Amino acid sequence: MPSRDDSLRANLEAAGISASITDKALAIDAIVQTWRRQVQKRELGRMALRELDLPIDLPKLDVLIAIWAPSNEFGRDDTETMVSTVATRLGIDPSRASRLVSDLIAQGFVARAVSQQDARRTVVTLTPAGEAIVESVRTIKYMVMGEFLSDWTEEEIATFLPLFERFAVWAGKAEATNAGRLHPEIEKLSAALKKKLK
């Protein structure tokens, strides 16, 4: 019986990608899509806010964490944090970042200060209450994750981490590396699709 993915397999084979790799890519993508839907719900973050009875929502929590700037998420960054820095770290519009920061200032979780590097600039910092929120939420997150990973062997974690990191950057690297090589196949797909949509 024909599969819905037969034409996909044929197109990928024409592009030089074996049926075996296609099947593995389909299996990986199914796992990633299920995981993406779960992550988008942000159940762990919602649970932490609920359990701690915090008067903020997830976007404000994101801003607090972006100001705190944990190095495991944002890399080593010793620069002062401005509203534009928050927008960049979170990949959101600067005006949205500004509104969220203003709300958090009004709630007493963030404070504005004058930059020590350039007195013309305004920076944002967490108040002690803001720091306490970030530290508590991150503690819950890593307690839950730590509990889950406790069943994994050292070897499983050592194998998973570098492979997961390598896979996590595939979209950006794949676009840059393969766009030229796959361009003729992509053009064929585009032409065939245009005919079907007429």
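General remarks:
- Looking across region 139-170, the residues that are under 23 Å from Ala48 (Cβ atoms), more than 18 Å from the chain's Cα centre (by Cα) and not aliphatic (A, V, I, L, M) come down to Thr139, Gly146, Glu147, Phe148, Ser150, Asp151, Trp152.
- Residues of region 126-165 satisfying the condition of being in contact (Cβ under 8 Å) with a residue 60 or more places away in the chain and among the acidic types (Asp, Glu): Glu131
- For region 152-171, a residue qualifies if it is loosely packed, with under 10 Cβ neighbours inside 10 Å and among the hydroxyl-bearing types (Ser, Thr, Tyr), and exactly one does: Thr153.
- Residue in region 75-104 that is nearest to Leu64 (Cα to Cα), counting only those that are at pLDDT 90 or above and of a type in the set (Lys, Arg): Arg89
- Number of positions in region 59-82 that are within 20 Å of Ala119 (Cα to Cα), touching a residue at least 24 places away in the same chain (Cβ under 8 Å) and not β-branched (Val, Ile, Thr): 2
- Residue in region 112-128 that is farthest from the chain's Cα centre (by Cα), counting only those that are exposed (fewer than 15 other Cβ atoms within 10 Å of the Cβ) and among the aliphatic types (A, V, I, L, M): Ala119
- Tabulated pairs, region 6-21, first over 15 Å from Leu182 (Cβ atoms), second surrounded by 12 or more Cβ atoms within 10 Å (Cβ to Cβ) and among the basic types (Lys, Arg), C-beta under 8 angstrom, 6+ apart or interchain: Ala19/Arg9
- Test: residue in region 99-110 that is within 27 Å of Val63 (Cβ to Cβ) and surrounded by fewer than 11 Cβ atoms within 10 Å (Cβ to Cβ): yes
The values are calculated or read from the model by the stated rules, or taken from the named source; none is laboratory data. Quick caveat: nothing in here was measured; it's all calculated off a predicted structure. Counting neighbours? That spans all protein chains shown, and the Cβs are built from the backbone with ideal geometry, glycine included.
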